[in-house]
Structure formats: C-alpha cells, structure tokens
Amino acid sequence: GENVEQHPSTLSVQEGDSAVIKCTYSDSASNYFPWYKQELGKRPQLIIDIRSNVGEKKDQRIAVTLNKTAKHFSLHITETQPEDSAVYFCAASIRSGGGADGLTFGKGTHLIIQP
Amino acid sequence: EADIYQTPRYLVIGTGKKITLECSQTMGHDKMYWYQQDPGMELHLIHYSYGVNSTEKGDLSSESTVSRIRTEHFPLTLESARPSHTSQYLCASSEWVRDGYTFGSGTRLTVV
C-alpha cells in the first residue's frame, strides 16, 4: 500500500519568515495530494490540495509543489504569522482493488511561529 | 448547515462500560471514516465505509466496531472500554477522495 513520509516532525520559524514542510510518497499511482491544518483542540481542515497533472498551486501565502518523478510534494508558507502555528498533515490518495479511494496521511509537522 | 457532527464532544467513562460514539453528516457523502488520534499526533485509520452496509477495518487494529445502516450515520461502538482506549476519535466523510475529507470536531474519550 501507500506510504507517506513527512519531515520535519517539528519546525520552529521566526514570525515573517518562510516555512517549508516536505512529504514523499511511495505509490506512483497516487494522484491527489491534500494538506490539512489542525489547530490545537480543533479538527483537521483542508487548506490546499494539488492533483498530479499540476506542478504548483498557490493560495495567498501558501503554496504546494509536486514532483511526480521524485515522488515528493511540499507545502510552502510565506510571511508566517502567529495563527499559522498548528500541526500540518500531508496526504496522498490510494486506490484499493475494489475501486474504492482513500487517503494515507503523513505523521504530521508541528509548526511553531516564534514572535 | 451541511457539516459532519460528532457527539459527545467529551466523554469520561469507567472501565468495562459499553459506549457508542455518534457521527452524522448532512452532505450526502458515501464515504465515511473513523480515525484515532492522540492530541497533535498521527492520524490512525481504524474503520471506513464506502456506503450503506459497507464497513472495513483500517490500518490500526481496534477493538471497536462500526455500522452503516444509513448514509448519513456511522456510529462507532466499544463493547467494553479500557484505559488503553483513551484517545481522541475523529470521524470524516468525503464524496470523492479528490475533493478531500471533511472532519468532525472529534470525541475526546477518557476511560478511567
């Protein structure tokens, strides 16, 4: 099955600096890569996603890049703010033999924005 | 408002008790999932369903069971709670995986 590795497990950056979180996946058939943000005590929420026919996607201060050849994708946050502090999860789609779909999640990155 | 709802939000229960965690969604999604998560830690898939009368076990072995009698409802049951079951349980749903999952707010379970 699919395996998703996420690094680093903890990332501390100064407010205003950029943050980058990286993920690798094992199944070359995976074709959908969402990112979730989970603030303390809250539910994970989808913040951005990318499909395999696109190399980069941006939404204001966040962007995701995908390298299908190397099987890795990254989340980039620019001009970080205190409200960016959270746990971030990457994920990759999987497809079972029964035709059903599902996501495999990375282990998460604790992003800490230092004032 | 179309969303996914979990009850209770918090639950403290004694060892050996039977409990059911409720999950309902009003989005008409066929696919529903249960994850176990210690706060801020990895998400572990314990059960999933692709439609009515369809249930499967996930990657993490769990002593819980689930049912899917109605599209909108996906309850999780622990027949005999133990302290090792103490964790947060998150329910999620999706129409198509490529549209991402919507998560519920979770049930924080403590077994004493």
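Points to keep in mind about this one:
- Pairs with Cβ under 6 Å, 6+ apart, first in segment B:68-85 and closer than 14 Å to B:Gln36 by Cα, second assigned to a loop (DSSP other than H, G, I, E, B): B:Leu76/B:Ser64; B:Leu78/B:Ser64
- Scope segment B:43-61; condition over 19 Å from B:Ser105 (Cβ atoms), touching a residue at least 24 places away in the same chain (Cβ under 8 Å) and in contact with a Leu (Cβ under 9 Å, 6 or more places away or on another chain); matching residues: B:Gly58, B:Leu60
- Search result, residues across segment A:1-23 that are hydrophobic (A, V, I, L, M, F, W, C) and within 10 Å of the chain's Cα centre (by Cα): A:Val20, A:Ile21, A:Cys23
- Only one of B:Leu11, B:Leu76, B:Leu21 that is aliphatic (A, V, I, L, M) and within 30 Å of A:Glu5 (Cα to Cα): B:Leu76
- Residue in segment A:35-46 that is part of a strand (DSSP E or B), farther than 19 Å from A:Gln81 by Cα and under 14 Å from the mean Cα position of the chain (by Cα) present: no
- Among the residues making up segment A:12-45, those that are within 24 Å of A:Ser93 (Cβ to Cβ), away from every other protein chain (no Cβ under 13 Å) and either among the polar types (S, T, N, Q) or free of Cβ contacts under 8 Å to residues at least 24 places away in the same chain (or both) are A:Thr24, A:Ser26, A:Ser28.
- The condition of being closer than 24 Å to A:Gly106 by Cα, assigned to a strand (DSSP E or B) and more than 11 Å from chain A (Cβ to nearest Cβ) does not hold for B:Thr20.
- Odd one out for B:Gln88 among (1) more than 11 Å from chain A (Cβ to nearest Cβ); (2) assigned to a strand (DSSP E or B); (3) of a type in the set (S, T, N, Q): (1)
- Test: B:Trp96 is buried (at least 16 other Cβ atoms within 10 Å of the Cβ) and either among the basic types (Lys, Arg) or within 13 Å of chain A (Cβ to nearest Cβ) (or both): no
- Any hit, segment A:93-114, residues being at pLDDT 95 or above, under 30 Å from B:Asp30 (Cβ atoms), outside any loop (DSSP other than H, G, I, E, B) and touching a Ser or Thr at 6+ places or on another chain (Cβ under 9 Å): no
- Test: B:Glu63 is over 24 Å from A:Tyr88 (Cα atoms) and at the interface with chain A (Cβ under 9 Å from one of its Cβ atoms): no
- Long-range neighbours under 6 Å by Cβ, at least six apart or interchain, first residue without any contact (Cβ under 8 Å) to a residue 60 or more places away in the chain within segment A:56-67, second of a type in the set (Lys, Arg) and part of a strand (DSSP E or B): A:Val64/A:Lys57
- Residue within segment A:77-88 that is in a strand (DSSP E or B), more than 25 Å from B:Met32 (Cβ to Cβ) and in contact (Cβ under 8 Å) with a residue 12 or more places away in the chain present: yes
- Looking across segment B:99-112, the residues that are on the phi < 0 side of the Ramachandran plot, under 12 Å from the mean Cα position of the chain (by Cα) and buried (at least 20 other Cβ atoms within 10 Å of the Cβ) come down to B:Phe103, B:Gly104, B:Thr107, B:Leu109.
- Flag if B:Thr15 is under 15 Å from B:Pro75 (Cβ atoms), more than 14 Å from every other protein chain (Cβ to nearest Cβ) and modelled with pLDDT of 95 or more: no
The values are calculated or read from the model by the stated rules, or taken from the named source; none is laboratory data. Because the structure is a prediction, the values reported are computed rather than measured. Here the Cβ is made from the backbone with ideal geometry for all residues, glycine too, and neighbour counts use every protein chain on show.
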